[in-house]
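Every number here is computed from the coordinates shown, using simple stated rules; none is lab data. Small disclaimer: the values here were computed from a predicted structure and weren't measured. Here the Cβ positions follow ideal geometry from the backbone for every residue, glycine too, while neighbour counts run over all protein chains shown.
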Amino acid sequence: MRHNVKTTDFSMTPAISDYVEKRIAHLDKFVSPEHKDLPICYVEIGKTTNHHKNGELFRAEFTVFIGDKSMRAESEQEDLYAALDLVTDEMSEELRSFKDKKTSVNKKEGAKVKSIIKEL
């Protein structure tokens, strides 16, 4: 899956970059093999504000485009890694649902064709 990572209000470190790459790679299993190059994932991570009394608040957002379908997940947490984990879980649920819908439609179409053939 192709991806584009954008940071807001902080600099990207190699550790964060590696972690984001690992999270995106986790989502690849929900994309069908014939469409590996088609989807694109936009990742935006950053600090939401700089003036919280009890620490920083991080935001992570994934937007995945597969053909004409777009899916989006967002999370805000006090820890950047926790925000990335939650947003990856949300996106994997959306991608799993999308993949299951496509599979069920294909099975229904196959069943229709099979019933037509049986009638002949």
Charge dipole of the range 2-119 built from unit charges on the beta carbon (Lys, Arg +1; Asp, Glu -1), centred at mean Cα; most positive-end Cα among LEU86, GLY67, GLY55 is GLY67
Between ALA82 and LYS47, what length comes free when the chain is fully extended (0.36 nm per residue of separation minus the Cα-Cα distance, one decimal in nm)? 11.3 nm
Please rank ARG72, ARG59, fewest neighbouring Cβ atoms within 10 Å first, as an exposure proxy. ARG72, ARG59
Karplus-derived HN-Hα couplings along the range 105-116 (A = 6.51, B = -1.76, C = 1.60, θ = phi - 60°), whole Hz, x at Gly and Pro: 5, 4, 5, 5, 5, x, 5, 5, 4, 5, 5, 5
For LEU57, residues with placed amide H under 5 Å, excluding near neighbours: THR48, THR49
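Where the eigenvalues come from the Cα gyration tensor of the chain, what are the semi-axes √(5λ) of the equivalent ellipsoid, largest first, in whole Å? Could the numbers behind the result be given before it?
Details: eigenvalues 295, 37, 20 Å².
Equivalent ellipsoid of the chain: 38, 14, 10 Å, largest first.
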